[in-house]
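Asks: First the structure, which I've put down as structure tokens, then a few questions once you've had a look.
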Amino acid sequence: MKIIYYSSPFYADCDFPLIGELQRKGHDVRYYISIASFSKRSTLIDLKELYLHTGIYPATEIYKEFNDFHNILDLSHVYIVNQKYKQKFHPVNLLLMVRLVIHFMMQKPDVIHLTQQPCLTQKLLYLIKNKLVLTVHDPFRHSGFTNKMEERDRRMAFKKISKLVLLNERQSSSFASYYDVPQNHIFINKLGMYSSILYVDPLPFQIDRPFILFFGQIVEYKGVEYLLEAMKIVHRHYPELMLVIAGGGKYYFDIESYKKLDYIKIINHYIGTRELAGMLRACEFGVCPYKDATQSGVIQTAFTLEVPMIVTNVGALAVAVQHNKTGIVVKPCDVNDLANGIMNLYSNKEKLNAMRKNIKEEWMKDMGWESIANEYLKCYKA
């Protein structure tokens, strides 16, 4: 089967192992990644400089950093859709998207798999909508989302594309109802192990105290403010325990008072894969204090390195994390419940070690990419 897979760096940590598995099964998968100045450092992609020409290029021809992933997927079939200008409406970018659609059509693929809804001149893809498959990473928009144009594009995509892949079953009925999507247009799959992190040399994280870890981009729906407040309670009982918050993004609340606390360390920049691997291998456990969510790659990444998680009961997080087995599930936006969950897990080393064992012996068995690739193939052929 000839498959064009068009995505962005934001999903590289789940795209890489999936595409590698499809390639190993003998399918001709051409992987296109859209790169611009705002996305050159995201998840696995860590590009120091943006290539200053707009166009479609073989990945390793313009970005040698991709060579680090030669053992995960066939790099000879990875291409960069490179955008010199970051403005979405720039005429050069609009023309590039037209060229890209024509480029896709001329290859006569069986499937064009998208991970984001078409926008602007990309909507020419609807001329061949019978070939389109869209993975809907976020069935519902997170709190703080205000882009009306993007929401209109989502609704158009959900109407025109008849194969929509959701990554958890828990939200499928409400998604179908909210967006008026026929149930037979929805295919259910899942995320697997974010195994790419296993192929990097961890950068040792220098800290002389036990710590718990929040990692990922700083955005409003992730509820970091609740975690910071919960940590004040935890500190009164376990003064030796630190909280490390690691990730780039603009804080949506005042963090100056938290910076002064010696048990909180805020690292506000993009966290590369080597740096993240070092943090995860050193931490006690991770925390996702989200206000709302769908599923989370943070959990997949942490579990891949056998790190238990405390998560809030939003979206499908309580499905991904089995309460008291691979982590702890707490109420969202509840500082006291979150603090109690942290203290419960930190104070019980036997429970924490049992969770690590459960992740290794049970969770990992069900998280291989072969079965996930097979489900996508069923969707493609349906």
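The values are calculated or read from the model by the stated rules, or taken from the named source; none is laboratory data. Everything numeric in this text was worked out from a predicted model, so none of it was measured. Don't worry about glycine lacking a Cβ; one is built from the backbone with ideal geometry, like all the others, and counts go over all protein chains shown.
Asks: Condition first: more than 19 Å from Ile112 (Cβ to Cβ), surrounded by 14 or more Cβ atoms within 10 Å (Cβ to Cβ) and among the hydrophobic types (A, V, I, L, M, F, W, C). Now tell me which residues in the range 36-65 satisfy that.
Replies: If the condition is that a residue be more than 19 Å from Ile112 (Cβ to Cβ), surrounded by 14 or more Cβ atoms within 10 Å (Cβ to Cβ) and among the hydrophobic types (A, V, I, L, M, F, W, C), then Ala36, Leu44, Ile45, Leu47, Leu50, Ile62 are the ones that fit.
Asks: Here's another thing I want to ask about it. Just the residues that are within 18 Å of Val287 (Cα to Cα) and either in contact with a strand residue (DSSP E or B) (Cβ under 6 Å, 6 or more places away or on another chain) or at pLDDT below 95 (or both), please, taken from the range 343-367.
Replies: Leu345
Asks: Hey, among the residues in the range 12-59 that are assigned to a loop (DSSP other than H, G, I, E, B) and charged (D, E, K, R), which one's nearest to Val101 (Cα to Cα)? Reasoning before the result, please.
Replies: At the first step, the residues of the range 12-59 found to be assigned to a loop (DSSP other than H, G, I, E, B) are 25-27, 36-40, 43-44, 47-54.
If we keep only those that are charged (D, E, K, R) too, we end up with 25, 40, 48-49.
On the way: Lys25: 26, Lys40: 22, Lys48: 28, Glu49: 26 Å.
Per the criteria, the residue is Lys40.
Asks: Let me ask something else. Just to be sure, is Phe253 over 30 Å from Leu73 (Cα atoms) and out of contact with any Pro (no Cβ under 7 Å at 6 or more places or on another chain)? Steps first, please.
Replies: Details: over 30 Å from Leu73 (Cα atoms): yes; out of contact with any Pro (no Cβ under 7 Å at 6 or more places or on another chain): yes.
Answer is yes for this residue.
Asks: On to the next question. Those residues that are in contact with a Ser or Thr (Cβ under 9 Å, 6 or more places away or on another chain) and in a helix (DSSP H, G or I), I need them from the range 101-125; list them, please.
Replies: Taking the range 101-125 and keeping what is in contact with a Ser or Thr (Cβ under 9 Å, 6 or more places away or on another chain), we get 101, 113-116.
Within the range 101-125, Val101 is the sole residue that qualifies.
Asks: Any idea how many residues of the range 156-184 are exposed (fewer than 15 other Cβ atoms within 10 Å of the Cβ) and either basic (Lys, Arg) or touching a Leu at 6+ places or on another chain (Cβ under 8 Å) (or both)? Give the steps one after another, and end with the answer.
Replies: Step one: of the range 156-184, the residues exposed (fewer than 15 other Cβ atoms within 10 Å of the Cβ) are 159, 169, 173-174, 177-178, 180, 182-184.
Still in the list and also either basic (Lys, Arg) or touching a Leu at 6+ places or on another chain (Cβ under 8 Å) (or both): 159.
Residues that pass the stated criteria total 1.
Asks: Of all residues being in a strand (DSSP E or B) and of a type outside the set (Gly, Ala, Ser) in the range 1-11, which is farthest from Leu44 (Cα to Cα)? Just the residue, please. So that I can check it myself, show each step before the final result.
Replies: Kept after step one, since they are in a strand (DSSP E or B), are these residues of the range 1-11: 2-7.
From what's left, of a type outside the set (Gly, Ala, Ser): 2-6.
Values: Lys2: 25, Ile3: 22, Ile4: 20, Tyr5: 17, Tyr6: 16 Å.
Ranking the candidates gives Lys2 first.
Asks: Quick check on my filter: what residues within the range 323-382 are among the acidic types (Asp, Glu), buried (at least 16 other Cβ atoms within 10 Å of the Cβ) and in contact (Cβ under 8 Å) with a residue 60 or more places away in the chain?
Replies: Here is the first cut: in the range 323-382, the residues among the acidic types (Asp, Glu) are 334, 337, 350, 361-362, 366, 370, 375.
Next, only the ones that are buried (at least 16 other Cβ atoms within 10 Å of the Cβ) stay: 334, 337.
Correct list: Asp334 only.
Asks: Taking Val298 as the residue in question, decide whether it is part of a helix (DSSP H, G or I), touching a Cys at 6+ places or on another chain (Cβ under 6 Å) and in contact (Cβ under 8 Å) with a residue 40 or more places away in the chain. Step through it out loud before you land on a result.
Replies: Numbers: part of a helix (DSSP H, G or I): yes; touching a Cys at 6+ places or on another chain (Cβ under 6 Å): yes; in contact (Cβ under 8 Å) with a residue 40 or more places away in the chain: yes.
The answer is yes for Val298.
Asks: Also, quick follow-up: Output the residues belonging to the range 281-330 that are of a type in the set (S, T, N, Q) and farther than 19 Å from Asp13 by Cα. Before you say what the answer is, go through the steps one by one.
Replies: So the first thing to find is which residues in the range 281-330 are of a type in the set (S, T, N, Q), and the list is 294-296, 300-301, 304, 312-313, 322, 324, 326.
Of everything in the range 281-330, those that are of a type in the set (S, T, N, Q) and farther than 19 Å from Asp13 by Cα turn out to be Thr312, Asn313, Gln322, Asn324, Thr326.
Asks: Can you spot a residue in the range 218-236 that is at pLDDT 95 or above, of a type in the set (Gly, Ala, Ser), within 22 Å of Asp337 (Cα to Cα) and buried (at least 16 other Cβ atoms within 10 Å of the Cβ)?
Replies: yes
Asks: Filter the range 14-42 for residues that are touching a Ser or Thr at 6+ places or on another chain (Cβ under 7 Å) and at pLDDT below 95 and give the result. Working first, answer last.
Replies: The initial filter retains those residues of the range 14-42 that are touching a Ser or Thr at 6+ places or on another chain (Cβ under 7 Å), namely 15-17, 33-34, 39.
Residue satisfying the conditions is Ser39 alone.
Asks: Continuing with this model, one more query. Only one of (1) within 21 Å of the chain's Cα centre (by Cα); (2) in the same structural domain as Ile245 (by TED's automatic domain parsing) fails for Ser172. Which number is that?
Replies: It fails just one condition, (2).
Asks: Just checking, which of Arg24, Arg99 is basic (Lys, Arg), free of Cβ contacts under 8 Å to residues at least 40 places away in the same chain and surrounded by fewer than 16 Cβ atoms within 10 Å (Cβ to Cβ)? Write out each step before concluding.
Replies: Working: Arg99 fails: free of Cβ contacts under 8 Å to residues at least 40 places away in the same chain.
Arg24 is the lone residue from the list that is basic (Lys, Arg), free of Cβ contacts under 8 Å to residues at least 40 places away in the same chain and surrounded by fewer than 16 Cβ atoms within 10 Å (Cβ to Cβ).
Asks: Hey, does the range 90-99 have a residue that's farther than 30 Å from Thr304 by Cα and part of a loop (DSSP other than H, G, I, E, B)? Write out each step before concluding.
Replies: Residues of the range 90-99 farther than 30 Å from Thr304 by Cα: 90-99.
In the following step, the residues that additionally are part of a loop (DSSP other than H, G, I, E, B) were identified as 90.
Within the range 90-99, one or more residues are farther than 30 Å from Thr304 by Cα and part of a loop (DSSP other than H, G, I, E, B).
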